[in-house]
2 protein chains.
Amino acid sequence: MATRTRNTDRRDDALSKERIVEAAVAMLDEAGESGLTFRALSARLQTGPGAIYWHVANKDELLAAATNAALTSGMTAEAAAGPPKDVIRAIALIMFDAIDEHPWLGEQLSRGPWQGVTLQICERIGQQIQAMGVPAGLQFTSASALMIYILGAARQNAANARMHPPGTDRAEVLETHAAAWRGLDPEQFPFLHDIAGQLRDHDDRAQFLDGVNLILAGVGDL
Amino acid sequence: MATRTRNTDRRDDALSKERIVEAAVAMLDEAGESGLTFRALSARLQTGPGAIYWHVANKDELLAAATNAALTSGMTAEAAAGPPKDVIRAIALIMFDAIDEHPWLGEQLSRGPWQGVTLQICERIGQQIQAMGVPAGLQFTSASALMIYILGAARQNAANARMHPPGTDRAEVLETHAAAWRGLDPEQFPFLHDIAGQLRDHDDRAQFLDGVNLILAGVGDL
DNA sequence: ACCTGAACACCGTTCAAGT
DNA sequence: ACCTGAACACCGTTCAAGT
């Protein structure tokens, strides 16, 4: 119970960019991207929509701030130590889990250029690529391939999750999916028809990691 | 100059899903995703907004139809013959070029599950994966890793392109970008600071292909 | 400096009414 | 069967006016 001595203390109901972003993240988590509205947000903060514009330029800035806030909280936790490939796998999983927890992050992270946290992650991956001894001319290609895969896969996973209500039975969803692929014309879709059976015991997170390892194997060849 | 004999002939100004989708693609190309509006579209087709809803359920269906139309026109052109890896590279480049030409495709393709043309592409890539002799248990991982990378990279490229007006000098953009990275604190961003120099002679399409080859190398190891 | 909330210029979508 | 266009329920954003 700290006594309120510093003059930086604020009344609990005072508006600030921090509080706005915090509320925005909560609303995005609860109601998805379409649930975040300046009207709904200002109602939650008990003000008018115009008040928010004093602290935030527009919705794009708000979404960018929410993205950075949601990702940063997960990123700082992990200390980046160990063999380069292990560190990359760890970073990848942190991002996968963050996007799994905040599905709206998927859309946001793969929009526009890398900056803020995304740039930091790119940097971290790049450092590991260098530590792996990849030739200078191929470092950027390797790092950006990993980056693109990680963001793309996590985003894909979030999109899939959004298709089904949170409580849906996992096995049932997979079975439905498998049945759809098995039902495809074997003449026209031999591949998808074939591998439909593999979907039964399918772990999204494990397959995500398999993909990362696949790229890491390719990077190791360089 | 075919004579109008068949009763399937329509007056040129008759509305149809085909004409609507065609106009939608044109508007997306000209004005981007925010340029496609039911009001603007109906004005272009010289009707009211309600007329469109007779042929199309909603905007999502319209965007999906536009996506399929824009991608299909490019896909059918190429005959898929040759060594598996070559075919995969060819498919990848077709998609890259299609998204480069229709930047709005990037957003659309990585939204929701694979279906329509996207499913066909997945099938085609999967067939080549099988032809490469990849073990059954790793075929899906390989195909989806390629798929995710191709979609993600092309999307990233489209996002970058959208940042700059079409006429902008390429070298100038790269130089600005390189300067930004070079300006990063070397203590905090050693990797990005280091590779800034490589950006000067940077070819997005070539690097995209490098990434595909990287994954193909990893798949070859399996 | 910071907040209020009505108002503006839009959206997607619906639906009675027409042909 | 197909089209019309006004109307509904929203958006993001602005801005005069308040404290």
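Taken together, the values in this text are just the output of simple stated rules run on the coordinates, not laboratory data. Since the model is a prediction, treat every value here as computed from it, not as a measurement. Cβ atoms come from the backbone with ideal geometry, glycine included; neighbour counts cover every protein chain shown.
Things worth noting here:
- Kyte-Doolittle mean at least -1.0 and Cα axial length at least 20 Å: DSSP H helices in chain A: A:17-31, A:59-75, A:84-101, A:117-131, A:136-163, A:204-221
- When +1 charges are put on Lys and Arg Cβ atoms and -1 charges on Asp and Glu Cβ atoms, the dipole computed for region B:121-192 relative to its Cα centre reaches about 300 debye.
- Whether region B:9-71 is rounded, prolate or oblate, judged on the alpha carbon gyration tensor where a/c under 1.5 counts as rounded: rounded
- For the segment A:148-161, counting C-beta atoms of other chains within 10 Å of every residue's C-beta and taking the mean gives 5.
- Assigned charges on the beta-carbon of Lys, Arg, Asp, Glu; region B:77-220 dipole about Cα centre (debye): 460 debye
- Each other copy places its own label point for A:L174 at 4.7 nm from this one, sorted shortest first, where the point lies 7 Å along the Cα-to-beta carbon line.
- Of interest is the spacing of the C-alpha centroids, which for region A:47-110 and region B:95-118 amounts to 25 Å.
- Leading residue at positive end of dipole, region B:9-71 (Cβ point charges), from B:A31, B:A66, B:I20: B:I20
- In terms of overall dimensions, region A:122-170 has a Cα radius of gyration and Dmax of 16.0, 48 angstrom.
- Averaged over the residues of peptide B:186-195, the number of Cβ atoms from other protein chains lying within 10 Å of each residue's Cβ is 5.
- For B:L119, label point 7 Å along C-beta direction: distances to other copies, nm: 4.2
- Whole-number D in µm²/s for the protein assembly as shown (Stokes-Einstein; Kirkwood sum over Cα pairs; 25 °C, 0.890 mPa s): 102 µm²/s
- Size of charge dipole - the protein assembly as shown - debye, nearest 20, with Cβ of Lys, Arg +1 and Asp, Glu -1, no other charges: 900 debye
- Label-point distances for B:A136 to the equivalent site in the other copies, using a point 7 angstrom along Cα→C-beta, read 4.9 nm when ranked shortest first.
- Which of B:L119, B:Q156, B:A180, positive extreme of dipole for chain B (C-beta unit charges): B:L119
- For chain B: rounded, prolate or oblate by the Cα gyration tensor [a/c cutoff 1.5]: oblate
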